[in-house]
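Scroll down for the structure; my scribbles are underneath it.
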Amino acid sequence: MKIVDARVIVTCPGRNFVTLKITTDEGVTGLGDATLNGREQAVVAYLREHVVPLLIGLDPHRIEDTWQYLYRGAYWRRGPVTMAAIAAVDVALWDVKAKVAGLPLYQLLGGASREGLRTYGHANGRDIPELLDSVRARLAEGHTSVRVQTGVPGLRRVYGVHSGDPVPSGDRSRSEDARPLVEDWDTAAYLRHVPTVLEAVRAEFGPELPLLHDVHHRLSPQQAARLAKSVEPYDLFWLEDCTPAENQAALRLVRQHSTTPLAIGEVFNTIHDYKTLLDEQLVDFVRSAVTHFGGITPMRKLFDYAAVNQVRTGIHGPEDISPVGMAAGLHLDLAAHNFGIQEYSGHTDATNAVFRHAYTFEGGYLHPGEAPGIGVELDEEAAAAFPYRPGYLPVNRLVDGTVHDW
Ligand code: GCO
Ligand code: MG
């Protein structure tokens, strides 16, 4: 079998998604997600200019070899643009292979290790009462675990929450203006506020509900250690991205001071970004998404490396991972023994109409479905009705105007 066509399709049914569609000489097609939020067109150019010409004529069954060819063959390794492009090829090839086998992809990855995938949803509120309502809404949808984020007194806009939004959400923080939205930040105010939020949530919902919180890379190691210690009484399922992710050794200090479980990795691109963290067991959950990590091929290696260190998985699943990227992750989740939890924000109706998917969310559990391949079909006509729209993620400034991590 040979690859005869590879096309990059960009669509914006609410937000931008970049999809690679590979076609073989036997008419089998495969899809891969290459969406890099806020920098979408860089991956489009990488694929169209530098990768698609290399794919034509290759045997789609040679997945590992193609991965190494694109990774090592470029000489310039790693980075989100490169790895999103390689991920799209890798997932499309797994999709083709599983379709040819007539099996849902998880069967090729070892078969199901569980009946369904527990999820967490996002609860956001400008203040605590609004947050409590949002937690109730997520529970009503079926989520069995909830990530809680609130506004911080004195700050106008923080990650995940905006004044003026009736139902604040991380994804609405995305600007489609010529320049990114600016959010504001005060670390001391945040560190004081978070324990009071968790206290209120525990008082309302009791001790059993698994709670998560995302710091979004904003703290120094010392500040992160202080936060992890101060929230210990509230028994978090995890504390996410408590320090900027590129400094792996920073997590040592946090670990020395707290037993709060730690999750990290949504911005990582390769297994090397986890080396110190896993070798020294400095984290409890790996957060990478198939889309930003080079595909299913390296994610399997990461999951196994994590398992050796008794670390579980928690794949990144915001709205900016397309249904193609979501589906790929769900097949891995179902097969992996060390699955922990799956983030699940869902997508707009328009997105679900463009990307028709076999995966389901029922009774609080996700399942990738039984369709051969990854189980997603792209309706190209529907996609064409939603052309690309430029957009940026917000930037973050301290009250004196200094740029801070977002
Ligand atoms: C999460 C993430 C997202 C990111 C977004 C950036 O934990 O879901 O932090 O909300 O901010 O994916 O594109
Ligand atoms: Mg996050």
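The values are calculated or read from the model by the stated rules, or taken from the named source; none is laboratory data. It should be emphasised that the depicted structure is a prediction, and the values quoted were computed from it without experimental measurement. In this analysis, Cβ positions are derived from the backbone assuming ideal geometry, glycine residues included, and neighbour counts consider all displayed protein chains. Each accessible area value is taken on the protein alone, full model and side chains, heavy atoms only, with ligands, DNA and RNA left out. Shrake-Rupley method; radii C 1.70, N 1.55, O 1.52, S 1.80 Å.
Given the conditions (1) closer than 24 Å to Ile86 by Cα; (2) more than 16 Å from ligand 2 (Cβ to nearest atom); (3) not in a strand (DSSP E or B), report the number of the one that Ser288 does not fulfil.
(2)
Name the single residue that is surrounded by the most Cβ atoms within 10 Å (Cβ to Cβ) among those in the range 386-406 being away from ligand 1 (no atom under 16 Å from the Cβ) and in contact (Cβ under 8 Å) with a residue 40 or more places away in the chain.
Phe386
Any idea which residue in the range 123-158 is farthest from Val399 (Cα to Cα), counting only those that are in a helix (DSSP H, G or I) and of a type in the set (A, V, I, L, M)?
Ala140
Scan the range 229-248 and report the pairs whose first residue is among the small types (Gly, Ala, Ser) and whose second residue is in a loop (DSSP other than H, G, I, E, B) and more than 14 Å from ligand 1 (Cβ to nearest atom), with Cβ atoms within less than 9 Å and a gap of 6+ or a chain change.
As it stands, the answer is Ser230/Ser258, since those pairs meet every condition given.
Out of Gly325, Gly364, report the one residue that is assigned by TED's automatic domain parsing to the domain that holds Val161, within 16 Å of ligand 1 (Cβ to nearest atom) and of a type in the set (Gly, Ala, Ser).
The unique qualifying residue is Gly325.
Are any residues in the range 298-332 crowded, with 22+ Cβ neighbours inside 10 Å and among the polar types (S, T, N, Q), and if so, which ones?
Of everything in the range 298-332, those that are crowded, with 22+ Cβ neighbours inside 10 Å and among the polar types (S, T, N, Q) turn out to be Thr313, Ser322.
Take the range 346-361 and flag every residue that is among the polar types (S, T, N, Q) and open to solvent by less than 40 Å² (accessible area, probe 1.4 Å).
Thr351
Just one of the numbered conditions (1) more than 16 Å from ligand 2 (Cβ to nearest atom); (2) of a type in the set (Phe, Trp, Tyr); (3) buried (at least 24 other Cβ atoms within 10 Å of the Cβ) is not true of Phe205; which one?
(3)
So, of the residues in the range 106-125 that are hydrophobic (A, V, I, L, M, F, W, C) and open to solvent by less than 10 Å² (accessible area, probe 1.4 Å), which turns out to be farthest from Ser345 (Cα to Cα)?
Of everything passing the filter in the range 106-125, Leu117 is farthest from Ser345 (Cα to Cα).
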